[in-house]
Amino acid sequence: MKIVVLMKQVPDTWGERTLDVTTGLSDRAATDAVIDEIGERALEVALTHRDAVKGTEVVVVSMGPASVTAALRKGLSMGADSAIHVLDDGLVGADAWLTSKVLAAVVARSGADVVVAGNESTDGRGGVVPAMIAEHLGLPHLSFLNDVTLTPGEVSGSRSTDTGTLQAHAALPAVISITEGLPEARFPNFKGIMTAKKKPLEVLSLADLGLAAASTVAGNGRSVVVSTVQRPARTAGTKTIDEGNAGVELAEFLVAGRLI
């Protein structure tokens, strides 16, 4: 079985994230770049299966600037067998549609049996890319899984709903997205760090994927930011001292803020 894991490099979750006011895009130089934690959990799903089923191949895939190489090397040191980095200046500002189209092309090229992704990234929080990849490829998609079971020819798992838990399954090949209900990722050991330097890391451009022509169409798959306004500094809240009418004041506050 071949498992492709989608990983994304994002600004440090615990750092202060800002927009570049000249481009309207995230200022990725303002904080450290790290692998999104949900992507690491997705990799753990694949590695756990490989630990149990010998012969499983795990490939990590990421799209982004040159700095993404470091994130992919970490994925390799954690245990992935190989990595693919989609690197192309034409992808700057790519929106979810273009991102999913490019990643779908990588998946199709790799011949994966299963694609594992996080449910949503911590920077964009769109939560739609895995489903869009499945749509591009015409594959079944199981989303927001809290647990995953892989067997020959099928993937299954449970997902939470407003009224309970739903059990879902799909025939392979398929695309799945997982939640933080899955275990945290393992730490790279010394052997993994050393062997990661020798593992294959393929760098692909849009032309390599046969997508160069589509990417040059004006406005095709790119976010265009018209203007940006910096968020005002947070001000102190209002303190209410209960003198018998605090409940009324609280209700009026919620009504004014259209919170009830």
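The values are calculated or read from the model by the stated rules, or taken from the named source; none is laboratory data. Small disclaimer: the values here were computed from a predicted structure and weren't measured. Cβ sites come from the backbone with ideal geometry, for glycine too, and all protein chains shown count toward neighbours.
Return the residue satisfying two criteria in turn: it lies in segment 18-42 and is surrounded by 16 or more Cβ atoms within 10 Å (Cβ to Cβ) and more than 10 Å from the chain's Cα centre (by Cα), and of such residues it is farthest from S110 (Cα to Cα).
L19
Can you name every residue in segment 114-139 that is crowded, with 16+ Cβ neighbours inside 10 Å and not in a helix (DSSP H, G or I)?
Answer for segment 114-139, where residues must be crowded, with 16+ Cβ neighbours inside 10 Å and not in a helix (DSSP H, G or I): V114, V115, V116, A117, G118, N119, E120, S121, T122, G124, V128, L139.
If you go through segment 232-260, how many residues are farther than 30 Å from L19 by Cα and in a loop (DSSP other than H, G, I, E, B)?
8
Residues checked against (1) closer than 20 Å to T179 by Cα; (2) at pLDDT 95 or above; (3) not β-branched (V, I, T):
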{"residue": "G75", "(1), (2), (3)": "yes, yes, yes"}
{"residue": "L91", "(1), (2), (3)": "no, no, yes"}
{"residue": "W97", "(1), (2), (3)": "no, no, yes"}
{"residue": "K101", "(1), (2), (3)": "no, no, yes"}
{"residue": "M132", "(1), (2), (3)": "yes, yes, yes"}
{"residue": "L137", "(1), (2), (3)": "no, yes, yes"}
{"residue": "L145", "(1), (2), (3)": "yes, yes, yes"}
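Does segment 83-90 contain any residue that is part of a helix (DSSP H, G or I) and not basic (K, R)?
yes
Any residue in segment 148-166 that is buried (at least 18 other Cβ atoms within 10 Å of the Cβ), among the charged types (D, E, K, R) and assigned to a loop (DSSP other than H, G, I, E, B)?
No, segment 148-166 contains no residue that is buried (at least 18 other Cβ atoms within 10 Å of the Cβ), among the charged types (D, E, K, R) and assigned to a loop (DSSP other than H, G, I, E, B).
Tell me, which strands (runs of 3 or more DSSP E) wholly within segment 1-58 include 3 or more residues that are of a type in the set (V, I, T) and either touching a strand residue (DSSP E or B) at 6+ places or on another chain (Cβ under 8 Å) or at pLDDT 95 or above (or both)?
Because the criterion is at least 3 residues that are of a type in the set (V, I, T) and either touching a strand residue (DSSP E or B) at 6+ places or on another chain (Cβ under 8 Å) or at pLDDT 95 or above (or both), the strands (runs of 3 or more DSSP E) in segment 1-58 that meet it are 2-6.
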